[in-house]
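Since the structure comes first, as structure tokens, the remarks are kept for the end.
The values are calculated or read from the model by the stated rules, or taken from the named source; none is laboratory data. Computed from a predicted structure; not experimentally measured. Cβ atoms come from the backbone with ideal geometry, glycine included; neighbour counts cover every protein chain shown. Calculation scope for accessible area: heavy atoms of the full protein, side chains included, ligands and nucleic acids excluded. Shrake-Rupley method; radii C 1.70, N 1.55, O 1.52, S 1.80 Å.
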Amino acid sequence: MSMILKPVYELSQDLVLRRISSEEVVTFFMDRIESLNPIINAIISFDREKSLAKARDIDHKRAYGKFDMSRCAGLPVVHKDIFCTSDLPTTCGSRMLKDFISPYDAHIVSVLNNKGFITLGKSNMDEFAMGASNENSFFGPVHNPWELGRVPGGSSGGSASVVAALMSPLSTGTDTGGSVRQPAALSGITALKPTYGLVSRYGLIAFASSFDQAGPMARSAADCAFLLQEMVDYDERDSTQANRSPVRYFDDLMSSSNDLSGLCIGVVEEFFSPELDPELLSIVDRAIGELCKMGANLKKVSLPEVEFSVALYYVLASAEAASNLARFDGVRYGFRSDTPFNSLEEFYSNNRGEGFGEEVKRRILTGNFVLSKSNYERYYLRAQRIRRILYNNFISVLSSCDILVGPTSPTVAFRMGEKAVDAISMYFSDVFTIPANLVGIPAITIPCGFSNKLPVGLQMMSRHFCESELFRVAHSFQCNTDYHTRLPSIVSA
């Protein structure tokens with residue numbers, strides 16, 4: 001256990017130097033998956049023998065010097081079940097795709113496979129990434145490893161839970177309105193939403209195309225930097241990806257100083273509402289104080305337009321979802337109902353009505369409503385104009401400070417079913433994370449304390465393509481605290 005608890009970059013060194021075999025590592029995590037998944041329900045599909053066969057192949061090549069000795073070879077990873085994989089089902093947590101096997105791999109899956117990462121399985125998720133609790137999956141809800149009666153957050157709740165429960169050292173997720181950061185905060189791990197356009201979206205089944213971005217999830221900022229460095233690879237098939245010079249996020253981080261002298265931290269006033277839990281705010285304040293002890297300077301900033309973020313997001317993201325999900329009709333692919341029909345319209349209605357869950361149908365209806373001829377200018381175009389105002393204001397504020405900080409989530413992990421019947425209350429779970437998606441800037445969340453024995457997350461945002469700065473600040477914080485090293489009791493049970 002102690003060897004597996006090492007940071008991923010140290011585990012990588014052990015594999016390269018053959019202090020431990022890839023087969024041993026994969027066996028350890030597969031055993032944990034088989035033991036804990038019936039309790040947590042974090043993984044939808046896995047193939048133990050296929051994963052072990054790849055591990056043995058890597059070990060054989062290393063032993064006989066037939067491998068390029070990539071430092072990634074033999075490292076395990078779990079992919080969110082929204083990334084297409086040709087060797088495991090890609091369900092998006094939906095009945096609509098419960099039997100779908102993709103004919104190709106998503107670009108990041110292919111890139112990581114080629115570098116020797118071993119896929120342990122596909123993680124459970126809110127259906128088509130629509131949710132903040134991971135209760136909206138056709139395959140059942142995911143349970144929070146810290147307290148099984150609570151949610152892990154969503155939509156990447158499965159990816160967060162596998163890391164928190166030590167079922168995998170690394171996982172991938174997607175962030176449309178906070179879907180790697182909010183579950184990471186509720187599950188006590190670290191996660192980054194990269195700048196929009198940094199990571200290829202090819203093979204990522206779209207929810208809202210101008211928001212979706214793949215991101216790394218791990219226990220620490222250093223491990224997230226390690227995974228992001230391997231994920232970023234230019235893909236000409238994705239017209240939204242920026243063609244930029246490669247950045248050595250992890251290598252640069254390991255050579256950087258933990259001294260934060262001169263760093264200007266903007267504390268967003270609107271993120272510290274008196275209506276929030278005083279204990280949660282106190283924990284976040286203490287974490288900000290810790291950054292000040294390391295030399296950072298504080299500056300109060302105001303972004304009044306963030307109060308419109310949730311409304312903007314659910315207008316624009318629902319509109320894009322209605323367009324993207326129109327392809328799932330039961331004709332070309334997807335679930336096909338056995339219910340008799342008398343017309344083509346009834347055929348489509350049966351397929352989509354039975355294939356999609358309630359939250360997905362709610363957002364499709366909302367999206368079609370705001371895109372209708374009578375509402376297009378009133379809702380959709382107006383939301384796009386306000387999105388531009390919000391963007392300009394964020395850029396202006398970030399011109400006078402290096403990062404913005406605040407809580408990741410307005411609450412700790414809430415009880416399962418607590419918000420299931422109140423869609424508006426559930427939507428506001430992402431109130432602090434949505435702005436970064438609307439603006440397209442990078443944002444990271446790190447564990448910063450505990451409230452009633454449940455994790456609390458600190459969120460940091462920065463300018464476009466400044467992931468390295470976020471990693472540096474987060475890593476410095478984690479070098480001086482131990483919150484990211486603490487484990488739920490289920491890990492040692």
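The share of accessible area on the chain that comes from carbon and sulfur is 50 percent, using a 1.4 angstrom probe. At full extension, N368 and M294 could sit 21.7 nm farther apart than now, given 0.36 nm per residue minus the alpha carbon distance. In sequence order, region 84-92 has phi-based couplings of 5, 9, 8, 10, 9, x, 10, 9, 6 Hz under the Karplus curve 6.51 cos²θ - 1.76 cosθ + 1.60, θ = phi - 60°, and Gly or Pro positions carry x. Taking the centroid of alpha carbons for each part, region 345-370 and region 156-175 are 29 Å apart. Distance from the Cα centroid of region 1-58 to that of region 215-230 is 17 Å (rounded to whole angstrom). Between rounded, prolate and oblate, where does region 165-273 land on the alpha carbon gyration tensor, with a ≥ b ≥ c its root eigenvalues, rounded for a/c under 1.5, else prolate if a/b exceeds b/c? Rounded.
Pairs from the table (K50/K98; K98/K193; K80/K293) lying more than 29 angstrom apart at Cα are K80/K293.
For region 376-393, the Karplus equation 6.51 cos²θ - 1.76 cosθ + 1.60, evaluated at θ = phi - 60°, returns couplings of 4, 6, 5, 10, 5, 5, 5, 4, 5, 5, 5, 4, 5, 4, 4, 4, 4, 5 Hz by residue, with Gly and Pro reported as x.
Can you figure out the FRET efficiency of K115 with S343, using R₀ = 35 Å and their beta-carbon distance, to the nearest 0.05? Here the calculated transfer efficiency is 0.10.
Across region 8-142 the C-alpha pair distances fall into 10 Å bins from zero in the proportions 13, 39, 33, 13, 2 percent.
Take the chain with all the other protein chains still there, run a 1.4 Å probe, and you get 37 Å² of accessible area per residue.
Labels on offer are [x] 63, 61, 49; [y] 65, 54, 44; [z] 84, 59, 45, and the one holding Cα extents along the principal axes in Å computed from this structure is [y].
With K and R counted +1 and D and E -1, the other residues having a Cβ less than 13 Å from that of S318 yield a net charge of +1. Taking 7 Å steps out from each Cα toward its Cβ at T481 and R382 produces label points 4.0 nm apart.
Using a Förster distance of 35 angstrom, determine the FRET efficiency expected from the C-beta separation of V247 and V331, and round it to 0.05. The formula returns an efficiency of 0.20 here. For L52, what is the net charge nearby, where nearby means another residue's Cβ is under 12 Å from its Cβ and Lys, Arg count +1, Asp, Glu -1? Here the count lands on -3. Among 153-166, 366-379, sorting by the average number of other beta carbon atoms lying within 10 angstrom of each residue, highest first, gives 153-166, 366-379. Ordering 466-479, 410-423, 318-331 by mean Cβ neighbour count within 10 Å, with the highest value first, yields 466-479, 318-331, 410-423. Quick one: grab the alpha carbon gyration tensor of region 402-493, order the square roots of its eigenvalues as a ≥ b ≥ c, and give me rounded if a/c is under 1.5, else prolate or oblate depending on whether a/b is larger than b/c. Oblate, because a/c is 1.5 or more while a/b does not exceed b/c. Think of each Lys and Arg Cβ as +1 and each Asp and Glu Cβ as -1; about the Cα centre, that makes the dipole of region 378-448 roughly 400 debye. Between V16 and E354, the contour length at 0.36 nm per residue exceeds the Cα-Cα span by 116.8 nm. Compute the Cα gyration tensor for region 58-209, then decide on rounded, prolate or oblate, letting a ≥ b ≥ c be the square roots of its eigenvalues: rounded whenever a/c is under 1.5, prolate when a/b is larger than b/c in the other cases, and oblate in all that remain. Note, shape of region 58-209 comes out prolate. Reducing region 74-115 and region 259-310 to their Cα centroids gives an inter-centroid distance of 37 Å.
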